[in-house]
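Q: Please read through the structure below; I'll follow up with questions.
Derivation of every value follows stated rules applied to the coordinates shown; laboratory data play no part. Given the structure is predicted, the values throughout are model-derived calculations rather than measurements. All Cβ positions, even for glycine, are placed from backbone atoms using ideal geometry, and neighbour counts span all protein chains on display.
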Amino acid sequence: MEDLNAMLEPGQMVRHPVQTDWGIGQVQSNIGGKVTVMFQHAGKVVIDSRHVALFPVYG
């Protein structure tokens, strides 16, 4: 299956498409289809890029 977050880099800000209450998160790492994100209200979460496409946040 395709890596839906392949373009995300550390430092980039993102939102989870379903868990909107987690707030904005900052990408910590993106290795082998696993994206580690530090969210405002959920803390550190590891996302499987084969199943969830995170939304980049700009500005």
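Q: Of all the C-alpha pairs in the chain, what % are more than 16 Å from each other?
A: Here the long-distance tail beyond 16 Å is 30 percent of all Cα pairs in the chain.
Q: While we're here: Once you keep just the Cα pairs under 8 angstrom separated by 6 or more residues, what percentage relative contact order results for segment 13-56?
A: Over segment 13-56, the number comes to 37 percent.
Q: Can you give the FRET efficiency to the nearest 0.05 for ASP3 and ILE24, using r as the Cβ-Cβ distance and R₀ = 30 Å?
A: Step by step, r from the Cβ atoms, then E = 0.90.
Q: On to the next question. Which of THR36, HIS51, MET7 sits farthest toward the positive end of the charge dipole of the chain, with +1 on the Cβ of Lys and Arg and -1 on the Cβ of Asp and Glu?
A: The residue sitting most towards the positive pole is THR36.
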